[in-house]
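The values are calculated or read from the model by the stated rules, or taken from the named source; none is laboratory data. Nothing here was measured: the structure is a model prediction, and the numbers come from that model. In this analysis, Cβ positions are derived from the backbone assuming ideal geometry, glycine residues included, and neighbour counts consider all displayed protein chains.
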Amino acid sequence: MTKIQETGDKVISNVERVIVGKHHEVRLALVALLCRGHVLIEDVPGTGKTVLAKAIARSLGCSFRRIQFTPDLLPSDVSGLSIYNQKTQEFEFRPGPIMSQVVLADEINRATPKTQSALLECMEEHQATIDGTTYQMPDPFLVIATQNPIEYEGTFALPEAQLDRFMLRLRLGYPQPIEEIVILDEQKRSHPLEELVEVLTVEDLRAMQAAVREIYVDSSVSDYIVRLVNNTRNHPDVYLGASPRGSIALYRAGQALAGLLGRDYVLPDDVKALAEPALAHRLIIKTSSSIHDVQAGQVIRELLESTPIDGIRPTGGGPTELRPITRSSSSTANA
């Protein structure tokens, strides 16, 4: 697990040459990449959403394409289409920009639902069916989508099925004044993005993705994840809670975060750190509660406070240091 941590720190440090003061958000984006998941960045214009996607692609040596979503964008503009070649008298498939390893879906909520639906199969099954033929997505495959949470004129809200396919939702936010001064100084003559170099090959990334899946998750941690997600479905302010896909996302994201922190096991604290980015966008708040300004993130934080962590006992250096019950000691602890 030390190698995952060292390699992850190298990628994060490289990206942070461009994205200043957003260590937590950059690490969460890497978590999604290690889990073969997708990221939705919801923030105001100019906070670095596009730059983050480009920096990740350059750091990994992955192919990168950007799709600017607009109301007149067609599904074929995203996935590709078959064109008749008069010379060969055959149809030839012209792949769309979605056939790339890192795809930036910029302002995704400005496209019509018909165009948004072109991403559903690609994001979940890593394939696209066009004119009856199925084409596999490249490996790795990461969609980083952005949307503006303030300006809703001329936009189409993402359907629940689309939101549920994003592993994590992030908000970059404005930089601190001292961080903004650093940004100004670094971009005095040229953009630091132009100087980014590849620090991780695609083959090494695939190896890390496979290694993350082997990180141990104790049954007590799995039970905590399930109880937390199940509580979102029973909360009085929630009309629709998180789906089982949300449980899987939280489970796998916990493995990736543990690996990036140098551990070969997942702690409940990993689950707590990831609960809001992994679950909040999957909740639908009741209209009666929305009137009173109840937010999904607020519900998740409330559930983290009220959901007990069963089957975990403190060990080691202090009362705040928790360790999952191992396989060998599980029966003794439960006796």
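What the table shows:
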item: So D204, is it out of contact with any helix residue (DSSP H, G or I) (no Cβ under 6 Å at 6 or more places or on another chain), assigned by TED's automatic domain parsing to the domain that holds E25 and not hydrophobic (A, V, I, L, M, F, W, C); result: yes
item: Residue satisfying all of: in region 183-206; exposed (fewer than 14 other Cβ atoms within 10 Å of the Cβ) and of a type in the set (A, V, I, L, M, F, W, C); nearest to the chain's Cα centre (by Cα) among these; result: V197
item: Test for E121: is it at pLDDT 85 or above, part of a helix (DSSP H, G or I) and more than 26 Å from S82 (Cα to Cα); result: no
item: Set L303, L279: member being within 24 Å of I215 (Cβ to Cβ) and part of a helix (DSSP H, G or I); result: L279
item: Candidate set: region 103-126, residues that are charged (D, E, K, R) and in contact (Cβ under 8 Å) with a residue 12 or more places away in the chain; chosen: the one surrounded by the fewest Cβ atoms within 10 Å (Cβ to Cβ); result: K114
item: Qualifying residues in region 23-57 (those that are in a loop (DSSP other than H, G, I, E, B) and at pLDDT 90 or above) - the one surrounded by the fewest Cβ atoms within 10 Å (Cβ to Cβ); result: R36
item: Filtered residues of region 255-273 (kept if farther than 17 Å from G8 by Cα and assigned to a helix (DSSP H, G or I)); result: P268, D269, V271, K272, A273
item: Residue satisfying all of: in region 9-18; modelled with pLDDT of 90 or more and out of contact with any Lys or Arg (no Cβ under 7 Å at 6 or more places or on another chain); nearest to L261 (Cα to Cα) among these; result: D9
item: Count of residues meeting criterion [under 17 Å from H38 (Cα atoms), touching an Asp or Glu at 6+ places or on another chain (Cβ under 9 Å) and surrounded by fewer than 22 Cβ atoms within 10 Å (Cβ to Cβ)] in region 129-146; result: 1
item: Filter result (of a type in the set (D, E, K, R) and either out of contact with any helix residue (DSSP H, G or I) (no Cβ under 8 Å at 6 or more places or on another chain) or under 23 Å from D185 (Cβ atoms) (or both)) within region 13-41; result: E16, R17, K22, E25
item: Neighbours by Cβ (under 7 Å, 6+ apart or cross-chain): first from region 180-201, in the same structural domain as P140 (by TED's automatic domain parsing) and farther than 13 Å from S59 by Cα; second of a type outside the set (V, I, T) and assigned to a helix (DSSP H, G or I); result: E186/P192
item: Pairs with Cβ under 6 Å, 6+ apart, first in region 258-273 and within 15 Å of R27 (Cα to Cα), second acidic (D, E); result: A258/D270
item: Answer residue from region 124-152, given it is among the aliphatic types (A, V, I, L, M) and either assigned to a strand (DSSP E or B) or closer than 14 Å to P71 by Cα (or both) and is modelled with the lowest pLDDT among those; result: I130
item: Filter pass, A249 being closer than 21 Å to L283 by Cα and within 23 Å of the chain's Cα centre (by Cα); result: yes
item: Unique residue being buried (at least 22 other Cβ atoms within 10 Å of the Cβ) and under 21 Å from P308 (Cα atoms) when the list is D270, D218; result: D270
